[in-house]
Every structure is written in structure tokens, then in C-alpha cells.
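Participant: Structure in C-alpha cells, see below.
The values are calculated or read from the model by the stated rules, or taken from the named source; none is laboratory data. Values in this document were obtained by computation on a predicted structure and should not be read as measured data. Quick reminder, even Gly has a Cβ in these numbers, built from the backbone with ideal geometry, and neighbours come from all protein chains shown. Side chains included, ligands, DNA and RNA excluded: accessible areas come from the protein's heavy atoms. Shrake-Rupley method; radii C 1.70, N 1.55, O 1.52, S 1.80 Å.
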Amino acid sequence: MHTCLKLLAPCGALLLAAFYGAATAQDKLNKPANYPVRPIRIVVAVPPGAGGDAVARMVGQMLSDKLGQNAVIDNRAGGGGVIATEIVARSAPDGYTLLSQGETVLLQGVTKRLPFEVLTALEPVVATSAQPYILLAGPTLPVKSMKELVVFSAKQTVSYSGGAGLGSTLHLGMEWWVQLSGAKMLFVPYKGSAPAVVGAMGGEIHLAGASAMAASSAIRSGKLRGLAALSLARVPAMPDLPTVAEQGWPNFKITNRYMMYAPAGMPRPIFNVIHRVIIDGMHTPQMTQRLIAEGSQPAERMTPEELKATVTREYGELEQQVKRLNIKIQ
């Protein structure tokens with residue numbers, strides 16, 4: 001009996017190795033034979049240095065590592081994200097041009113700032129990360145809370161900027177807070193959060209809104225200070241910074257989920273491989289720890305079908321919000 005077992009052991013080991021080898025092969029990417037054969041372009045709606053730019057570069061590295069072709073970051077800031085959106089929507093749906101942008105894409109459609117329908121011209125590929133916004137006060141603003149900000153604005157209109165510019169999620173959200181609080185605020189168009197942060201540092205504007213990733217370095221520099229987290233819950237990386245809701249406006253929040261979009265009509269095998277590379281990459285323990293440490297987190301993991309249904313539902317909700325606030329974006 002023992003002799004038989006000894007003889008069978010090598011066979012069992014070989015079978016076990018073959019089983020795990022087959023399982024590993026199944027786990028490998030089912031990459032189309034002819035894709036990619038040239039660099040992949042990721043169009044980003046914000047300037048270098050913004051939170052959305054940082055996430056796009058992480059995604060680009062994932063694609064380069066897994067697909068064997070360079071992913072080139074193309075920053076096309078301006079127009080509240082419209083410039084970047086149009087470039088991608090008018091590109092060939094061949095998997096070589098992607099858009100990295102937040103929920104501003106939906107706002108562009110809702111406010112009719114695009115000559116096409118967002119939900120039919122673009123297809124959401126994957127949600128990458130969720131980044132709360134932080135409101136940063138510059139050296140020219142002598143307030144320490146949102147309530148003090150309202151009082152100060154009665155004497156002097158407070159200027160602010162950030163996000164992807166005019167018509168962005170941040171702009172719309174802050175206009176909502178203005179209506180709730182009665183504060184006197186003026187939005188000053190910048191091309192994105194990074195130049196707005198520089199503007200606040202230099203005293204050009206009073207406040208800058210930036211993602212937690214971008215805001216953390218500005219706070220650490222000592223040139224700006226956090227006035228409020230614009231998320232509903234405090235940001236783990238900034239536990240001492242109260243939210244706007246905690247400071248007197250319950251349920252107020254501005255959130256932003258970064259997404260990767262493609263021109264509608266991309267071949268499904270290419271769509272699937274891009275989706276899988278990014279969603280798997282964003283949810284590794286190392287990436288999760290990195291994002292949380294910087295004030296962000298991976299976006300909820302969703303199938304392409306779930307993501308499309310979520311985006312369609314949120315588009316309808318934004319339409320109602322814009323109508324309720326009576327905000328006109330030219």
C-alpha cells in the first residue's frame with residue numbers, strides 16, 4: 001500500500017500542478033490578439049497636479065503594465081471639462097482614446113453644454129475612485145468656520161474656484177450651499193483645482209475647492225488651511241477637519257467619482273479587457289491603502305451593466321437638481 005501511494009504521489013502532484021496551471025490560465029487577461037498595437041491616449045479634463053490627474057496616471061500605469069503598450073496622459077483642461085469630453089466623444093471607438101473625468105461629464109450633458117447627448121456618445125467603462133472635496137482657505141480670508149464665512153461674506157463677497165471649472169460638480173455644489181446659507185460668493189473660472197489652489201495661495205481668490213488628494217499637499221505646505229470637508233463624513237486622512245454638514249447644514253455634500261469613459265461603440269473584447277485591468281488594479285490592497293492614505297478610496301466595484309444603470313439614474317437626478325436650483329451655465 002505504501003509503495004502504491006509513493007508511486008501515485010508524483011502523478012497527483014502533476015495533476016495538481018496542471019489544475020492550478022489551468023486555473024491561472026483562466027485568470028489571465030483574454031486580450032484581443034491585435035490590441036493594443038500602439039500607445040493608448042488618456043484625455044484628462046484637469047491640469048497636472050489635480051486629484052483627477054493623479055488617478056489618471058495610476059490608471060495609465062496599470063494599462064501599460066498589463067497590456068504592454070504605453071498609456072499617454074493628455075491633459076486638456078478648460079471649458080469646465082467640455083474640451084476633454086468633446087475630444088473623446090469625437091474619437092474613433094477603437095480603444096486607443098479614453099476619457100478620465102468625474103461626474104462633471106453628466107453635468108455637461110444636463111446643462112446642455114455639449115452638442116451631443118452624453119449618454120449615447122460616451123460609454124462608462126469603469127469607476128476608478130471616489131474623492132471627497134476639501135474647501136481650502138487662503139491667507140486673505142480671516143475665517144475659521146463656514147458660519148464665520150457667511151458673516152464675512154456680508155461685508156465682502158468671497159471669491160472661490162476649483163474642480164474642473166465653470167459648470168463642474170464643485171461649482172454646482174457650492175452654488176447649492178450659497179442658496180442654503182445666504183452667503184455672498186463669486187465663482188472665478190480657473191482651468192482646474194491645481195491652478196485654483198495656486199490662485200488661493202497667491203491671494204487672487206479667497207477659497208479653492210480641491211480633491212482630498214490635491215488638498216492634502218496644500219495643507220501640509222502651510223500655505224492654505226482646510227475650512228471644511230465637503231463630503232458627508234469626515235475624510236479619514238484629515239480626521240480633525242469638520243464637514244459642512246457638521247457646521248450647520250445637515251445632509252450637505254459634494255462628492256465626485258472619477259470614471260473612465262470611451263467613445264460609444266468600442267468593440268466588446270477591447271472594452272472588457274480595459275474594464276478588467278483597471279477595476280482589478282484599483283482594488284488591490286496596495287492601491288486601496290495608497291488611495292486611503294491620500295484621502296481617497298477605490299470606487300464601488302460594479303459590472304459594466306451596473307455602472308451604466310447607475311450613471312443613467314444619476315443623470316436624471318442631476319437634471320432635477322439643476323432645475324430645482326435654477327442654475328444656468330453658459
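Participant: How tilted is helix 51-67 with respect to the longest principal axis of the chain? Cα atoms for both, answer in degrees (0 to 90, nearest 10).
Facilitator: 10 degrees
Participant: If I histogram all Cα-Cα distances within region 164-259 using bins 10 Å wide from 0, what percent of pairs lands in each bin?
Facilitator: For region 164-259, the binned pair fractions read 15, 50, 34, 1 percent.
Participant: Taking every DSSP beta bridge with both residues inside the chain, roughly what % is antiparallel (nearest 5)? Don't jump to the answer; show the numbers that get you there.
Facilitator: Working: 21 of 37 bridges.
Roughly 55 percent of the DSSP beta bridges within the chain come out antiparallel.
Participant: What is the Cα radius of gyration of region 241-330 over 2.2 N^0.38 Å, N being its residue count? Present the calculation step by step, with values, prior to reporting the outcome.
Facilitator: Numbers: Rg = 17.0 Å, N = 90, 2.2 N^0.38 = 12.2 Å.
Dividing the Cα Rg of region 241-330 by 2.2 N^0.38 Å gives 1.40.
Participant: Can you compute log10 of I(q)/I(0) for the chain with the Debye formula, treating each Cα as one identical point scatterer, at q = 0.14 Å⁻¹?
Facilitator: Log10 I(q)/I(0), no solvent term: -1.06.
Participant: Okay, next question. Quick one: how many Å² of residue 94 are accessible to a 1.4 Å probe, rounded to 10?
Facilitator: Residue 94 exposes around 50 Å² with every protein chain in place.
Participant: Say the dipole of region 288-330 comes from +1 at the beta carbon of Lys and Arg and -1 at that of Asp and Glu; which of 316, 293, 304 then lies farthest toward its positive end?
Facilitator: Farthest towards the positive end: 316.
Participant: What is region 201-252's relative contact order, in percent, from Cα pairs under 8 angstrom and six or more apart in sequence? The partial results should precede the final answer.
Facilitator: On the way: 39 pairs, mean separation 12.6, N = 52.
About 24 percent, as a whole number.
Participant: Ordered by residue, what ³J(HN,Hα) values in Hz, to whole numbers, does region 311-320 give under the Karplus form 6.51 cos²θ - 1.76 cosθ + 1.60, where θ = phi - 60° and Gly and Pro are x?
Facilitator: 5, 4, 5, 5, 4, x, 5, 5, 4, 5
Participant: Which ³J(HN,Hα) values in Hz, rounded to whole numbers, follow from the phi angles of region 85-90 under the Karplus curve 6.51 cos²θ - 1.76 cosθ + 1.60, where θ = phi - 60° and Gly and Pro get x?
Facilitator: Rounded to whole hertz, the list is 4, 5, 4, 6, 4, 9.
Participant: Name the long-range amide H neighbours of residue 101: under 5 Å, sequence gap of 5 or more, or other chain; modelled H, no Pro or chain starts.
Facilitator: 259, 261
Participant: Quote to one decimal, in nm, the extra length available between residue 300 and residue 33 on full extension: 0.36 nm per residue of separation minus the C-alpha distance between them. Each step should come with its number before you reach the end.
Facilitator: Details: separation 267, 0.36 × 267 = 96.12 nm, distance 3.02 nm.
Stretched fully, the residue 300-residue 33 segment lengthens by 93.1 nm.
Participant: Report, in whole Å, the centroid distance computed from the Cα atoms of region 58-100 and region 300-328.
Facilitator: Here the answer is 22 Å between Cα centres.
Participant: Can you list residues whose amide H is under 5 Å from residue 41's amide H, if they're 5+ apart or on another chain and H is modeled 1.01 Å from N?
Facilitator: The list, which skips near neighbours in sequence, is 72, 97, 98.
Participant: Can I ask one more? Before rounding to the nearest 500, sum -39500 (n - 2.57) across all DSSP H runs of length at least 4 in the chain and divide by the residue total; then give [θ] at 222 nm in deg cm²/dmol. Walk me through the numbers on the way to the answer.
Facilitator: Working: 12 runs with 148 residues, N = 330.
The helix-only estimate for the chain comes to -14000 deg cm²/dmol at 222 nm.
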